[in-house]
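A short worksheet on the structure shown next.
No lab work stands behind these numbers, since they all come straight from the coordinates. These numbers were taken from a predicted model, which means no experiment stands behind them. Backbone-built Cβ (ideal geometry, glycine too); neighbour counts: all protein chains shown.
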Amino acid sequence: MNRSQALQTCLLSFVILAAIIAPSKCFGQKRTPAPDNYADLGDAEDEKFHDLRGWGAVNAVLPKGMSRDITSRYQNLRASNSVKLFVSQVGTPYNLTFRAEAGLCDDSFEVYVNNTGPLYVYRNKESSPMKALHQIRIDASIINDTTVEVSFRNIAEDSCGRAAISYVSLEPLAETFQAQQLSTTPARINLQRAMETVELFADREKITLASYTLTEARLVSGDEGEQYWRLRWENNNGKPEDYLEFTVSMDGLVTYRLYR
Ligand SMILES: [Ca+2]
């Protein structure tokens, strides 16, 4: 394949990927309460349909900020906190997406789906004002019924680490997207993918990147040697202190911070 063909293939792949992603631009948005594949935690009307078990209190409604979903519910300390989601296809892989709000405490938790796991472990022992979008690929074998139980097992080692969850969502993983993920071995996110991930995240979180310009993108190493992308978008208002900073981990975890 010559350079021109490779470029065309790359562009075509991107268009296909964009077309697949386009219909599911609804994360973090308020939906009509229903027994569906999206549990809006903190919203009493929607919670009724999702058989919540073990959760703590509703978090105080957040400042509107840049996100449309401003409701969330705390986990119970060192307990299992579960919701039920309802899907139409079984035996197919899914993306599990949720937003968690980490605070000053040990907001660590594990995620189980249909009592299988932990499929994901989040450890947060440091001060962090960030909200984070988490996305986990769930194997087809785990989705064996149209009712799916997602459970957050709180593993805080202090007395206040109760991460609040804003919503939990399950979307079928499109086959083409799956193929692309399988082809990127070892599992690493390149700059292009990191930018797409941030743009998708911003869209879901209703962050208007149109009024910002990407001014910096670099691969950095954390304290424990783990690599992640750091991307900075500066506001077009000419004030250098007004910018958005995103990080994207190699497993696709996005965090952001707004500076003003
Ligand atoms: Ca919510």
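Asp36's amide H: which non-local residues (gap 5+, or another chain) put their own amide H closer than 5 Å, with H modeled 1.01 Å from N in plane and none for Pro or chain starts?
Phe86
In whole Hz, what ³J(HN,Hα) sequence does region 41-56 give by Karplus (6.51, -1.76, 1.60; θ = phi - 60°), x for Gly and Pro?
Values per residue, Gly and Pro as x: 5, x, 9, 4, 5, 6, 4, 3, 8, 10, 6, 5, 9, x, 6, x Hz.
Let me confirm the definition first: pairs of Lys residues in region 28-176, 8 or more apart or on different chains, C-alpha distance under 18 Å. How many are there? Numbers along the way, then the final one.
Values: Lys30/Lys48; Lys30/Lys64; Lys30/Lys84; Lys30/Lys131; Lys48/Lys84; Lys64/Lys131.
Within region 28-176, the lysine pair count is 6.
Mind sorting Ser249, Ser141 by how few other Cβ atoms lie within 10 Å of their own Cβ, fewest first?
Working: Ser249 17, Ser141 10.
Neighbour counts put them in this order, fewest first: Ser141, Ser249.
Using a simple spin-label model with points 7 Å from Cα along the Cα→Cβ vector, what separation in nm is obtained for Glu157 and Asp251?
1.9 nm
Calculate how large, on average over all directions, the projected area of the Cα convex hull of region 185-259 is; give the answer in nm² to one decimal. Intermediate values should be presented prior to the final figure.
Working: hull surface 20.9 nm².
The Cα convex hull of region 185-259, projected and averaged over all directions, gives 5.2 nm².
What's the exposure ranking of Thr215, Thr197, going from fewest to most Cβ atoms within 10 Å?
Numbers: Thr215 11, Thr197 21.
Fewest-to-most ranking of Thr215, Thr197: Thr215, Thr197.
Could you calculate the FRET efficiency of Gln192 with Ser221 from 1/(1 + (r/R0)^6), where r is the beta carbon distance between them and R0 is 25 Å, rounded to 0.05? Provide the component values of the computation, followed by the final result.
Working: r = 20 Å, r/R0 = 0.81.
Here the calculated transfer efficiency is 0.80.
On full extension of the chain, what length is gained from Glu199 through Lys239, given 0.36 nm per residue of separation minus the C-alpha to C-alpha distance? Display every interim value, and only then the final one.
Values: separation 40, 0.36 × 40 = 14.40 nm, distance 2.21 nm.
Here the segment from Glu199 to Lys239 would lengthen by 12.2 nm.
For region 28-176, divide the Cα radius of gyration by the Kirkwood radius and give the resulting Rg/Rh value with two decimals.
Details: Rg = 14.5 Å, Rh = 15.3 Å.
Value, to two decimals: 0.95.
Can you sort Arg260, Arg123 so the residue with the fewest Cβ neighbours within 10 Å comes first?
Values: Arg260 8, Arg123 11.
Ordered from fewest to most neighbouring Cβ atoms within 10 Å, Arg260, Arg123 come out as Arg260, Arg123.
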